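Submitted below is the structure of interest, expressed as structure tokens.
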Amino acid sequence: YRTLDGVAVAGKRVLLRADLNVPLRDGRITDLTRLERLSPTIVELSGKGAKVIVLSHFDRPQGKRVESMSLRPVAAALGEVLGRAIGFVDDCVGEPVARAVAAMRNGDVLVLENTRFYAGEEANDVALATLIATHGEMFVNDAFSAAHRAHATTEGIARLLPAYAGRLMQAELDALNAALGTPARPVGAIVGGSKVSTKLDLLTNLITKVDLLVIGGAMANTFLAAQGAELGKSLQEPALHQTARDIMAAAAAHDCQILLPVDFVVSETFAANPATQVVPAQAVPANAMALDVGPATTDAIIQAIKRLKTLIWNGPLGAFETPPFEAATMRLAAAVAAATDSGMISVGGGGDTVAALKQAGIIERMTYVSSAGGAFLEWMEGKALPGVAVLTA
Ligand code: 3PG
């Protein structure tokens, strides 16, 4: 893919696809990470004298103008993160945009309204892409986290203008390639989360790529139950027992070691701070459910990751949002941070994972934490991301 290295942008109208899809609660942005991660590309383009025109979707307005999904407040927050005034136009095509762009001076930054207000965005409509493309002379994609969508402003427009990867896109691709493309070995993965069904493609791909696969979260229950463990009231997917056995067999054929829980922290109710008990993973009492992996499992995982040169982490080990079931995830996070300090490459991603790493306070200590959710997952599943593929075409 083409980066911004050596590209002349001074005086050019640059359409910058960003991912301004930030979490919003009661009209307030609750996490600025995506804006902070985007800012180096804007600072660089603007500093080199480009006219930076920012495009993004926001939420899922289904092709209609929905005022609560306007990018206006996000543009204001972006201005605060950048510490400068930036413009906003309440459309992404048409006369008002053309006028605002014509008035831009070199170095100016202008945010356009939510591209998903037009149905043509998600339909990857060439007509919409063409209308938007008329506002720029080149296209820079910095929205790795939306690159799994083949939309007008992530894919279609890259065919109409000279197209480049922005610095955040570049950082994401470099980190993911280091983790799974050509990793330093041994390489391991920790996969947690509640369902095997949503991570089937992920597991199937990982067992062909990694030397060690740690399975945690409720999805481990399905694997254990498939081998005859008693799991009481624990969440699991009986319909996937055969699939779980197939994955185990395929892993063995690929020399991928699978590490499953050997003990659990269980409780009779799923609530904050209930009475808990540590039990063997094979024998959860009939009236109890597994809500976190136990201390012996955590010890085993921490021992196992010590010999890794690369680790990729997607999904918590337990129900980390409800105390005390964050314990294993927090202990593991501390161990991952320590291993990273001693030279292991550690890459994490996915919405829940980032929240857990944040709670553990180790985001800065990981080698890289992806700002992507769905795109990170699809990339780890081994799928080509349309927004990335078009930059390498
Ligand atoms: C995300 O937040 O993961 C991206 O912005 C993609 O959003 P989407 O799932 O609505 O396409």
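Could you figure out which of (1) out of contact with any Asp or Glu (no Cβ under 9 Å at 6 or more places or on another chain); (2) modelled with pLDDT of 95 or more isn't true of Cys92?
Every listed condition holds for Cys92 apart from (1).
Only one of Ile215, Ile207, Ile258, Ile247 is among the aliphatic types (A, V, I, L, M) and in contact with a Cys (Cβ under 9 Å, 6 or more places away or on another chain); which?
Details: Ile215 fails: in contact with a Cys (Cβ under 9 Å, 6 or more places away or on another chain); Ile258 fails: in contact with a Cys (Cβ under 9 Å, 6 or more places away or on another chain); Ile247 fails: in contact with a Cys (Cβ under 9 Å, 6 or more places away or on another chain).
Within the list Ile215, Ile207, Ile258, Ile247, the selection yields Ile207.
What tally of residues in the stretch 382-393 results from selecting those that are more than 13 Å from the ligand (Cβ to nearest atom) and not in a helix (DSSP H, G or I)? It would help to see each step written out before you state the result.
Of the stretch 382-393, the ones more than 13 Å from the ligand (Cβ to nearest atom) are 382-384, 388-393.
Still in the running and not in a helix (DSSP H, G or I): 382-384, 393.
Looking only at that region, the number is 4.
Just for helices (runs of 4 or more DSSP H) wholly inside the stretch 310-381: which have at least 1 residues that are away from the ligand (no atom under 16 Å from the Cβ) and modelled with pLDDT of 95 or more?
Values: elements: 327-341, 351-360, 374-380.
Fully inside the stretch 310-381 and qualifying: 327-341, 351-360.
Here's something else I'd like to know. Among the strands (runs of 3 or more DSSP E) confined wholly to the stretch 119-226, which include 2 or more residues that are under 30 Å from Ala98 (Cα atoms)? Don't jump to the end; show me each part of the working.
Values: elements: 138-141, 163-165, 187-191, 212-215.
Counting at least 2 such residues, we get 138-141, 163-165.
Only one of Val390, Val369 is outside the structural domain of Asp19 (by TED's automatic domain parsing), closer than 13 Å to Leu176 by Cα and in contact with a helix residue (DSSP H, G or I) (Cβ under 7 Å, 6 or more places away or on another chain); which? Spell out how you get there, then give the answer.
Working: Val390 fails: closer than 13 Å to Leu176 by Cα.
Exactly one of Val390, Val369 is outside the structural domain of Asp19 (by TED's automatic domain parsing), closer than 13 Å to Leu176 by Cα and in contact with a helix residue (DSSP H, G or I) (Cβ under 7 Å, 6 or more places away or on another chain), namely Val369.
Let me ask you something else. Counting just the residues of the stretch 273-287 that are of a type in the set (A, V, I, L, M) and in contact with a Phe, Trp or Tyr (Cβ under 9 Å, 6 or more places away or on another chain), which one comes out surrounded by the fewest Cβ atoms within 10 Å (Cβ to Cβ)?
Per the stated criteria, the residue is Val278.
Six or more apart or on different chains, Cβ under 9 Å: which pairs go from a residue in the stretch 14-27 that's under 19 Å from Phe139 (Cα atoms) to one that's of a type in the set (Asp, Glu) and more than 10 Å from the ligand (Cβ to nearest atom)? Could you list them?
Close Cβ pairs satisfying both conditions: Val14/Glu137; Leu15/Glu137; Leu16/Asp142; Arg17/Asp142; Ala18/Asp142; Asp19/Asp142.
Which of the residues that make up the stretch 130-156 are more than 13 Å from the ligand (Cβ to nearest atom), surrounded by fewer than 24 Cβ atoms within 10 Å (Cβ to Cβ) and hydrophobic (A, V, I, L, M, F, W, C)?
Those that are more than 13 Å from the ligand (Cβ to nearest atom), surrounded by fewer than 24 Cβ atoms within 10 Å (Cβ to Cβ) and hydrophobic (A, V, I, L, M, F, W, C): Leu131, Ala133, Met138.
Tell me the residue from Phe264, Phe270 that is of a type in the set (A, V, I, L, M, F, W, C) and surrounded by fewer than 18 Cβ atoms within 10 Å (Cβ to Cβ), please. Give the derivation first.
Working: Phe264 fails: surrounded by fewer than 18 Cβ atoms within 10 Å (Cβ to Cβ).
Criteria check complete, one pass: Phe270.
If Ile190 satisfies all but one of (1) within 26 Å of Arg60 (Cβ to Cβ); (2) surrounded by 19 or more Cβ atoms within 10 Å (Cβ to Cβ), what's the number of the condition it fails?
Against the list (1) within 26 Å of Arg60 (Cβ to Cβ); (2) surrounded by 19 or more Cβ atoms within 10 Å (Cβ to Cβ), Ile190 comes up short only on (1).
Report yes if Leu260 is free of Cβ contacts under 8 Å to residues at least 60 places away in the same chain and within 27 Å of Arg245 (Cβ to Cβ), otherwise no.
In short, yes.
Find the strands (runs of 3 or more DSSP E) located wholly in the stretch 11-113 whose residues include 1 or more that are basic (Lys, Arg) and either surrounded by fewer than 21 Cβ atoms within 10 Å (Cβ to Cβ) or under 24 Å from the mean Cα position of the chain (by Cα) (or both), and list them.
Details: elements: 13-17, 51-55, 87-89, 109-112.
The qualifying strands (runs of 3 or more DSSP E) are 13-17.
Return the pairs, sorted by first residue and then second, in which the second residue is of a type in the set (S, T, N, Q), the first residue lies in the stretch 170-182 and is within 11 Å of Ala143 (Cα to Cα), the beta carbons are less than 7 Å apart, and the residues are 6+ apart or on different chains.
Taking only residues 6 or more apart or on different chains, the pairs are Gln170/Thr3; Glu172/Ser370.
Going residue by residue through the stretch 23-34, is there one that turns out to be within 20 Å of His135 (Cβ to Cβ) and within 16 Å of the ligand (Cβ to nearest atom)? Can you show your working first?
Start the filter on the stretch 23-34 by keeping residues that are within 20 Å of His135 (Cβ to Cβ), which leaves none.
Checked the stretch 23-34: no residue is within 20 Å of His135 (Cβ to Cβ) and within 16 Å of the ligand (Cβ to nearest atom).
The values are calculated or read from the model by the stated rules, or taken from the named source; none is laboratory data. Quantities reported herein were computed from a predicted structural model and do not represent experimental measurements. Reconstructed Cβ throughout: ideal geometry from the backbone, glycine too, with neighbour counts over all protein chains shown.
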